[in-house]
Amino acid sequence: MSKSDIRNIYCIGRNYRLHALELGNEVPEEPLVFTKPSHAVVPMAGNVVELPGNVGEVHFELEIVLRIGRAYEPGIDTELCIDGMALGLDLTLRDVQSKLKAKGQPWLAAKGFKGSAPLGEWLAYPGAAALAENEFVLLRNGEEAQRGKASDMLFSVSELIKYVGENYGLGAGDILYTGTPAGVAALHEGDQLQALWAGTSVGSCSVTLV
Ligand code: ZN
């Protein structure tokens, strides 16, 4: 799937208990959904990602990303909607986000800037059961920064597809960022990031702050 094939980008906030708590947020009672413009996507593919360098901290959030191949409709087996998965970064201007949250304003400026959604390579979706215990890891400059698995999500893949599909609509070409585990932190100039699944690297990039 190329960038131009991606339609809506839905993201889930606070879908891992320890991550919600590390930022001082309550654990949500229903999925917290936000979106990014499709212009946010950049392939990781070893690229240098340019990020805003003058608006405070830019945090990494590694997440499982699901690709929708078939539209959601009420009653459908949600597994049939998913036709691919990747690891992606939901990059976040954390200081900007804190100001927006304090004012009750939308998160777009913090979450939707160009380059805020680096995506690793697409893999075949193995099904929710196989995905559940499949650990994913983010290495920063060779050191482990984040580790998670889908079974730790507060809202399961199936619940997320159903919730987003019913409330906002899900069709072929949409993608869904499913939330980040604990360990988010600020990026520094020249950081090398590597996304791994079960020991296999499926995406890498470095960052430059401009
Ligand atoms: Zn996120």
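Would you confirm, using the coordinates I've provided, whether Glu30 is within 18 Å of Leu176 (Cβ to Cβ), in a helix (DSSP H, G or I) and modelled with pLDDT of 95 or more? Considered against the rule, which asks whether it is within 18 Å of Leu176 (Cβ to Cβ), in a helix (DSSP H, G or I) and modelled with pLDDT of 95 or more, Glu30 comes out as no.
All of Pro43, Pro118, Pro126 fail the test of being more than 16 Å from the ligand (Cβ to nearest atom), closer than 24 Å to Arg147 by Cα, under 16 Å from the mean Cα position of the chain (by Cα) and not aromatic (Phe, Trp, Tyr), apart from Pro43.
Run down Ala40, Ala45, Ala71 and say which single residue is of a type in the set (Gly, Ala, Ser), touching a Cys at 6+ places or on another chain (Cβ under 9 Å) and at pLDDT 95 or above. Break it down into steps so the answer makes sense when it comes.
Details: Ala40 fails: touching a Cys at 6+ places or on another chain (Cβ under 9 Å); Ala45 fails: at pLDDT 95 or above.
Only one candidate qualifies: Ala71.
Any residue at all in segment 14-22 that is surrounded by 13 or more Cβ atoms within 10 Å (Cβ to Cβ) and either farther than 25 Å from Leu154 by Cα or among the β-branched types (Val, Ile, Thr) (or both)? Within segment 14-22, not a single residue is surrounded by 13 or more Cβ atoms within 10 Å (Cβ to Cβ) and either farther than 25 Å from Leu154 by Cα or among the β-branched types (Val, Ile, Thr) (or both). When segment 73-96 is limited to residues that are within 16 Å of the ligand (Cβ to nearest atom) and part of a loop (DSSP other than H, G, I, E, B), the one that is nearest to the chain's Cα centre (by Cα) turns out to be Asp90.
Does segment 60-72 contain any residue that is assigned to a strand (DSSP E or B), farther than 18 Å from Leu176 by Cβ and either of a type outside the set (Val, Ile, Thr) or within 16 Å of the ligand (Cβ to nearest atom) (or both)? Break it down into steps so the answer makes sense when it comes.
Going through segment 60-72, the residues assigned to a strand (DSSP E or B) turn out to be 60, 62-68.
Narrowing further to those that are farther than 18 Å from Leu176 by Cβ: 60.
After this cut, where a residue has to be either of a type outside the set (Val, Ile, Thr) or within 16 Å of the ligand (Cβ to nearest atom) (or both) as well, the list is 60.
Yes, segment 60-72 contains at least one residue that is assigned to a strand (DSSP E or B), farther than 18 Å from Leu176 by Cβ and either of a type outside the set (Val, Ile, Thr) or within 16 Å of the ligand (Cβ to nearest atom) (or both).
In the set Val55, Val33, Val48, only one residue is open to solvent by 10 Å² or more (accessible area, probe 1.4 Å), aliphatic (A, V, I, L, M) and within 13 Å of the chain's Cα centre (by Cα); that residue is Val33. All of (1) over 22 Å from Cys81 (Cβ atoms); (2) within 16 Å of the ligand (Cβ to nearest atom) hold for Thr200 with one exception: (2). Please find, within segment 141-161, the residue that is most open to solvent (accessible area, probe 1.4 Å) out of those that are over 20 Å from Gly84 (Cβ atoms) and in contact with a Leu (Cβ under 6 Å, 6 or more places away or on another chain). The qualifying residue most open to solvent (accessible area, probe 1.4 Å) is Ala145.
The values are calculated or read from the model by the stated rules, or taken from the named source; none is laboratory data. None of the values given here were measured: they were computed from a predicted structure. In this analysis, Cβ positions are derived from the backbone assuming ideal geometry, glycine residues included, and neighbour counts consider all displayed protein chains. The protein model used for the area step is the full one, side chains on, heavy atoms only, and it has no ligands, DNA or RNA in it. Shrake-Rupley method; radii C 1.70, N 1.55, O 1.52, S 1.80 Å.
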